[in-house]
Each structure stands twice: as structure tokens, then as C-alpha cells.
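One structure is given below, encoded as C-alpha cells.
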Amino acid sequence: MALWDGRFSGGPAEDMIRFSESLSVDLRMWREDIAGSVAHAQMLGDVGLLTAEEVKQLVDGLHQVGEEIAHGIYVPGPEHEDIHMAVEARLTALVGEVGAKLHTARSRNDQVATDVRLWLKSRLGDLRQALLELLSGLLDRVERDGDVLFPGFTHLQRGQPIWFGHHLLAYAWMVRRDADRVQNALERMDECPLGAGAMAGTPHPIDRHRTAALLGFARPVENAMDAVASRDHAIEAVSACAIAMSHFSRMSEELVLWSTEEFAFIRMGDGYATGSSIMPQKRNPDAAELVRGKAGRVFGSLQALLTMVKGLPLAYNRDLQEDRASLFDAVETTTACARILSGVWRTLTVNGERYEQALQGHFLLATELADFLVTRGVPFRESHHIAGKIVAFCEERKTDFAGITVSDLQSFHPAFDEQVHAWLDPKAAAERRRSFGGTSQHEIQRQLALLRAVS
Ligand code: ARG
């Protein structure tokens, strides 16, 4: 028997029941569903729509349903379309007739919207914590290995010498913004839809502010139609997840690359590397590869949600039931990835020797040569051209900058002098970059302090 059987003479077809159920996905929100119903019952009592005795029966009954689900005594089955129906059915079985009064002044449309927001409020809190933990893992790593010098890359070609801490802090700022985005989303979604009814509100004298307060929301959603029809809070949450995953995916790609024998900049900790069932020498960076791969799933969830609401007329349409599979998966996947990456960063080892080797040759200091001339009054465009010519000269002679003399350099420009050799030291080059946000240790320490203050 369906809840709408008053209007229908036959029940739904078997395949329709299976096709249309959401219980398999939204069972996960049983705690939220019960909390919503408890608050609703209390509010109905507060405004006089239920007697104190009825409220007590309902609240006790709802807590019992919760206990039963928690302990596997009540296992909602496929005969219930969704968690709201499953809870109400069990409640009515336990408390009898009064159970049927609970649905006064609400509909499943505002129930589901409330449950999803409650679920998000708690799980986005977990995600934010996981992001802050990743941030602190990165900052610890800056403290440990931030003074290892290595080449910064552009186009995956060695570019300029930078401190490893500078590279790590770039990621730390991204993760910090990811945590902020989650926080912003949390603050915006902190409004309670319950009591909106199907879309138009209710003729009964309910107190939506009271329900909102009981559930820990900052306020009720202002408009009843908006309350049941909107999913931008879910889209915003998944969008924050997708952006975070794009950052995770970039750092994972570098972790994979750096742990190859060719780079060998890092070695993954045993706990996060895997071996091969056939090639005994293997030490594979699976954790990073999986994170990189899962980014695609989360981006897909964002696309699914945006497409779900595109062109959807107001107010509730059953399409909206599709939100949870994508939403739950995106939030849980992103949280899991943040946690795994924290572990990866905390346990890997940095191969300082390889970093040093990577600094040799390759004219990593060509920009320095140009900047040296700038300090002697030569315009940068001109000095860049001269430095390029010197690189070509060295290449022809099969040497690097260390292999040419000051008089060689002077044949390219008379402003070169003896000080150029000290100038061409990679550490000195990194340390000279004290401009705001530059790679110098001074700037690394400044950013570290700023980021520590929030994590
Ligand atoms: N199972 C539905 C969902 O999860 C509940 C809302 C149903 N509302 C309705 N008018 N059919 O979205």
C-alpha cells in the first residue's frame, strides 16, 4: 500500500517500485531524518497542534526507531520508497495512530531538503577538518624540507632554482582556500527548509523559526518554494569538492612524477606505496594515482548535478531525487582523498641529493645572468637577449656557466665583472628573491606563520 493509496486503485508496478526507490541511497541520512522529525514534532507541540502527550509519544517513538536502525533491529526494506517513509512506517507501527499526525504541515519535499542540508552540515565539517589536516601536513613538510633547493618548473622544463618550501606553500594556499570554500558553502546553506510543505507553506500556525533553531540552523529558508526546489547548496558543496580535487590531482601528478626512477626526488612511505604482483622491484605510487583518478568522478558529479537542475521547472520534480548519489559520493570521495594525501605527505622522504643534481647544468641560472646585468643598469629585455646568446655560446662549447670566464662574459657585455661568479650561486639566487611572495626563506617563513595561524 502506497502512502497515496486514497487516490489510486492499484499499487505501483514491481519494476516501478525498484526503479523509483531512493532508500538504497538515502538510508544513509536516517539520523538526519529522525532529528528532523523530532524537531518537527516538538515544534507542533509548541504551537499547540499536538498535545504534550502526543509529542512525547512521537519523540520517544522516533528515538526508538533510531535505536533500532542503529542496532540493525529495524532494517528498512525495499517496500519503502525512501528513508522518510521507512521511518514514518516504523514509527506508526510502534506508536500507533499518533504516528499519522507527524506529517501535519510538512511534506517529503521539505523533509528531503532538510535531511540533505543536515547531512551536508555534518559531512562538510568533516571535509573541512580533513582539508585543515592536509594543510598542516604540508606545513610540517615545509618545516622539515623547506630548505632543500631544487628546480622550479615551467612547461615541465627546469626553470629557476627555488626552495622546496616555496613549492609546497603554493599547494598549502590552494588547500587553505579549499577549506575556506567549504566554510563559505556551509554558512550559506545554514537555513532550514522544514515546514515549507510541498511548496506553498501550510494553513496551520507553525513556527518555522522554532524548527530551525531546534535543528541548529541559523534561520529558516525564507521562501517555501525555494526551500523545496533549490539544490544550489548541493552544487556549491560539490563544486568546492571538485576544485579541491583539481588541486589534489595536480599534487598527485607531481608525487607520481617525483617518485619515478627518472626524477627520484621523493620516496613514498611504505604505508602509501604498493608493490607489484609480478615485478618485485616495483614501488608504485598508487595512493597518488587513485586520487588523480578519483578527481574525474567528482568532476562528473558536479556535471551531473548541474545538468539535473538545468531547465528544471519549479518546484519539486522527481529529478531532484538524483542529487544524493552524486552529492554523497563527491563529499565522501574528496574527504577520503584529503585524508590519504595527508598521510602521503607526512610519510614520504625527500631525496635532497637528487634535488641538488637536478640543479646542475641546464642553465637554470640564465635568468640570474640577465638580472645581474639589470643591476648594472642594462634594460631587462636587452639583458635577456644577451643571456640567451651566452647560453648558446656555452652549448656550443659544451660547458655551463661555471666553464666560462669573466672576459668571455665581457665579450657579450662590458658590464659583467668579477662579482658575477658569486651571483651565479643557486642558493644565493633563491635567497635574493625576497620580493613579496618570492621563494626566499624570509618569504617562506612569513607565509608559514600566516598559514599556521589558521590551521
Ligand atoms: N524520494 C523522494 C526524494 O528523495 C522524496 C520526495 C518525494 N516527493 C514527491 N513529491 N514525490 O527526492
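Just so you know, all these numbers are worked out from the coordinates, no wet-lab data involved. What you see is a predicted model; the values in this text were computed from it and never measured. Counting neighbours? That spans all protein chains shown, and the Cβs are built from the backbone with ideal geometry, glycine included.
Among the residues that make up the range 37-46, is at least one of them of a type outside the set (S, T, N, Q), in a loop (DSSP other than H, G, I, E, B) and over 30 Å from Ala13 (Cβ atoms)?
no
Checking Ala105 against (1) assigned to a helix (DSSP H, G or I); (2) closer than 26 Å to Ala212 by Cβ; (3) in contact (Cβ under 8 Å) with a residue 24 or more places away in the chain, which single condition isn't satisfied?
Going through (1) assigned to a helix (DSSP H, G or I); (2) closer than 26 Å to Ala212 by Cβ; (3) in contact (Cβ under 8 Å) with a residue 24 or more places away in the chain one by one, Ala105 breaks only (1).
Report whether or not Ala336 is within 16 Å of the ligand (Cβ to nearest atom), surrounded by fewer than 18 Cβ atoms within 10 Å (Cβ to Cβ), in a helix (DSSP H, G or I) and not aromatic (Phe, Trp, Tyr).
Working: within 16 Å of the ligand (Cβ to nearest atom): no; surrounded by fewer than 18 Cβ atoms within 10 Å (Cβ to Cβ): yes; in a helix (DSSP H, G or I): yes; not aromatic (Phe, Trp, Tyr): yes.
It is false that Ala336 is within 16 Å of the ligand (Cβ to nearest atom), surrounded by fewer than 18 Cβ atoms within 10 Å (Cβ to Cβ), in a helix (DSSP H, G or I) and not aromatic (Phe, Trp, Tyr).
So, of the residues in the range 1-36 that are away from the ligand (no atom under 14 Å from the Cβ) and under 22 Å from Thr211 (Cα atoms), which turns out to be surrounded by the most Cβ atoms within 10 Å (Cβ to Cβ)? Full working, then the answer.
Taking the range 1-36 as the starting set, the residues that turn out to be away from the ligand (no atom under 14 Å from the Cβ) are 1, 5-6, 9-11, 13-15, 31, 34-35.
Right, trim to under 22 Å from Thr211 (Cα atoms) and you get 31, 34-35.
On the way: Arg31: 16, Ile34: 23, Ala35: 19.
Among those that are away from the ligand (no atom under 14 Å from the Cβ) and under 22 Å from Thr211 (Cα atoms), it is Ile34.
For the range 125-147, enumerate the residues that are closer than 15 Å to Asn351 by Cα and crowded, with 19+ Cβ neighbours inside 10 Å. Write out each step before concluding.
Applying the first criterion (closer than 15 Å to Asn351 by Cα) to the range 125-147 yields 141-142, 144-147.
Matches in the range 125-147: Arg141, Val142, Asp145, Gly146.
Which members of the range 291-319 meet the condition of being among the β-branched types (Val, Ile, Thr) and within 16 Å of the ligand (Cβ to nearest atom)?
Scanning the range 291-319 gives a single hit, Val309.
Would you mind listing the helices (runs of 4 or more DSSP H) fully within the range 345-455 where at least 3 residues are aliphatic (A, V, I, L, M)?
366-375, 380-397, 426-432, 441-452
Count, please, the residues in the range 44-85 that happen to be more than 16 Å from the ligand (Cβ to nearest atom) and not aliphatic (A, V, I, L, M).
Matching residues across the range 44-85 total 18.
Which of the residues spanning the range 271-329 are touching a strand residue (DSSP E or B) at 6+ places or on another chain (Cβ under 7 Å) and surrounded by fewer than 12 Cβ atoms within 10 Å (Cβ to Cβ)?
Selection gives Ser276 alone.
Does Trp163 qualify as being surrounded by fewer than 19 Cβ atoms within 10 Å (Cβ to Cβ) and among the hydrophobic types (A, V, I, L, M, F, W, C)?
Details: surrounded by fewer than 19 Cβ atoms within 10 Å (Cβ to Cβ): no; among the hydrophobic types (A, V, I, L, M, F, W, C): yes.
Spelling it out, it is not the case that Trp163 is surrounded by fewer than 19 Cβ atoms within 10 Å (Cβ to Cβ) and among the hydrophobic types (A, V, I, L, M, F, W, C).
Under 8 Å by Cβ, and 6 or more places apart or on different chains, what pairs join a residue from the range 16-30 that is free of Cβ contacts under 8 Å to residues at least 60 places away in the same chain and part of a helix (DSSP H, G or I) with one that is aliphatic (A, V, I, L, M) and more than 11 Å from the ligand (Cβ to nearest atom)?
Trp30/Ile69; Trp30/Val87
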